[in-house]
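Structure, as structure tokens:
The values are calculated or read from the model by the stated rules, or taken from the named source; none is laboratory data. Just so we're clear, the structure is a prediction, and the values are computed from it rather than from any experiment. Here the Cβ positions follow ideal geometry from the backbone for every residue, glycine too, while neighbour counts run over all protein chains shown.
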Amino acid sequence: IHAQVSTKSKLFSGASTKYGGSPNSQVSLVDAALPGMLPVLNKYCIEQAVKTGLALDAHINKRSVFDRKHYFYADLPQGYQISQFHEPIVEKGTLEIDLSDDSTKIININRIHLEQDAGKSFHDQSPTETFIDLNRCGIALMEIVTDPDFRSSEEAGEFLKKLRSILRYLGTCDGDMEKGSLRCDANVSVRKYGDPFGTRCEIKNLNSIKNVMQAIEFEAKRQIEIIEQGDKINQETRLFDAAKGVTRSLRSKESVEDYRYFPDPDLLPVEISDEYIAKIKATLPELPDHKKHRYMDEFKVPHDSAVILSGDKEVASYFEEVAKEVTPKLAANWIAVELFGRLNKTSQTLKNCKVTAKKLVGLIQQIENGIISGKIAKEVFDEMFETGADAEKIIKDKGMEQVSDQSSIEKLIDQILAENQDKVSEYKSGKEKLFGFFVGQVMKASGGKMNPQLVNEVLKSKLNSK
Ligand code: MN
């Protein structure tokens, strides 16, 4: 995965990294590789890579080295990319993913190294010429490499979701796949269960989680068909055609030797201290997995809701704001089930939702104080979601308050029992299942407004005494 570091200037120059600038307006002499220009390391990028490594429980190398990786691209004026090969800044981390069957799995991070991005070629502006924009040239990327731990496209998709969530929590990459800030190359191979890994193909530059999953599915089927026919897989780089849903051969894969890696003589090795690492560690926010486990342990929130509540920084702070004021488990259910159910149904996000955390607290307090039942609360919430009105006002305007007054509950229950003498006798002769019938009748007659707990108590005492 290539994750663009969120930073104002490039990895080795002071040129701006702002997205969408006019072509070649953000190119320093270093980025254009003019003779004699020397790269100067942007310290902020080192900090962001260390921060990302720490968040993935990885080992931070106190010494790392920038190497030149040689290949010819028209939009790579240096003729090589400055990257890290033998001594990357981060190695050996882990990340926990959440699967649809409520299980979790640990994916191993092999390494994270820093490198420069290349420029962009435009082949579609003229029938005879190619145009080149060097604005992206030299922007800092973190290349995040995993071990071959994925066994399905679902696992790969969940990994990307979790990684993107962590990067956003940290602020080290904005995770915007549409703008190319996060791009994925997927290596796919197939084998019979228990056999060693088969020959892999690399699918380049996948720019959405959906595309990553589709490309993996297609590629695995393609390879199985070839092997079933008795042929062999050629190791190669392939492209995914999102419109057709297929992968196509791009080039045979270079081997490591082809790149002629060697340490860049213009850059000193990067040496950092324990104190430097500790200082960055102290700035780490609470991360999604920690939040997820805390919500489950501390608040007894079920796993699937905890995943929803912790997966996004904004959602987590919304939940925590509500959970501070009311019973956290109740808050979790109202957000993960009721609020997200309505958001998904109307294709909205929390950002443009009319029910603020404060308003949701208002609603849940009405339930906790016995003003309305949970059932009526869903009706109130429907209106809040639509109009953004306060729960208290909706309840008052529509006279939805729950009846908790003992004498009116008793009066109604007496009436229901009188109307159903036959059922009362049946109940008394042992058909205790009928209790639910009586509760239902009382709630129906009161339009769902009787306090259910009181109704239960009064009914029980009346039925058992008569
Ligand atoms: Mn790379």
Q | Single condition residue 143 does not satisfy, out of (1) touching a helix residue (DSSP H, G or I) at 6+ places or on another chain (Cβ under 9 Å); (2) modelled with pLDDT of 95 or more | A | (1)
(Q) Looking at (1) in contact (Cβ under 8 Å) with a residue 12 or more places away in the chain; (2) of a type outside the set (D, E, K, R); (3) surrounded by 15 or more Cβ atoms within 10 Å (Cβ to Cβ), which one does residue 389 not meet, given that it meets all the others? (A) (1)
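Yes or no: the stretch 73-92 includes at least one residue that is polar (S, T, N, Q), out of contact with any Lys or Arg (no Cβ under 7 Å at 6 or more places or on another chain) and surrounded by fewer than 19 Cβ atoms within 10 Å (Cβ to Cβ).
Taking the stretch 73-92 as the starting set, the residues that turn out to be polar (S, T, N, Q) are 78, 81, 83-84.
Checking the rest, the ones that are also out of contact with any Lys or Arg (no Cβ under 7 Å at 6 or more places or on another chain) come to 78, 84.
From what's left, surrounded by fewer than 19 Cβ atoms within 10 Å (Cβ to Cβ): none.
No: zero hits.
On the given criteria, is residue 257 of a type in the set (Asp, Glu), loosely packed, with under 14 Cβ neighbours inside 10 Å and touching a residue at least 12 places away in the same chain (Cβ under 8 Å)? Give the steps one after another, and end with the answer.
Numbers: of a type in the set (Asp, Glu): yes; loosely packed, with under 14 Cβ neighbours inside 10 Å: yes; touching a residue at least 12 places away in the same chain (Cβ under 8 Å): no.
No; evaluated as a whole, the condition is false for this residue.
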Q) Given (1) among the hydroxyl-bearing types (Ser, Thr, Tyr); (2) more than 12 Å from the chain's Cα centre (by Cα); (3) surrounded by fewer than 21 Cβ atoms within 10 Å (Cβ to Cβ), where does residue 165 come up short, assuming only one miss? A) (2)
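Might you check whether a residue that is under 25 Å from residue 114 (Cβ atoms), part of a loop (DSSP other than H, G, I, E, B) and charged (D, E, K, R) occurs anywhere in the stretch 244-258? So that I can check it myself, show each step before the final result.
If we filter the stretch 244-258 for residues that are under 25 Å from residue 114 (Cβ atoms), which is where we start, we get 253-258.
With part of a loop (DSSP other than H, G, I, E, B) added as a condition, the list becomes 253-255.
So of that shortlist, the ones also charged (D, E, K, R) come out as 253-254.
Yes, some residue in the stretch 244-258 is under 25 Å from residue 114 (Cβ atoms), part of a loop (DSSP other than H, G, I, E, B) and charged (D, E, K, R).
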Q. Here are 55, 3, 33: which of them is away from the ligand (no atom under 16 Å from the Cβ) and closer than 28 Å to residue 258 by Cβ?
A. 33
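Conditions (1) more than 16 Å from the ligand (Cβ to nearest atom); (2) assigned to a strand (DSSP E or B); (3) in contact (Cβ under 8 Å) with a residue 60 or more places away in the chain, marked per residue:
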residue: 100; (1), (2), (3): yes, no, no
residue: 111; (1), (2), (3): no, yes, no
residue: 127; (1), (2), (3): yes, no, no
residue: 144; (1), (2), (3): no, yes, yes
residue: 157; (1), (2), (3): yes, no, no
Q | Leading residue by the ranking (nearest to residue 86 (Cα to Cα)) among those in the stretch 109-155 that are buried (at least 16 other Cβ atoms within 10 Å of the Cβ) and among the basic types (Lys, Arg) | A | 111
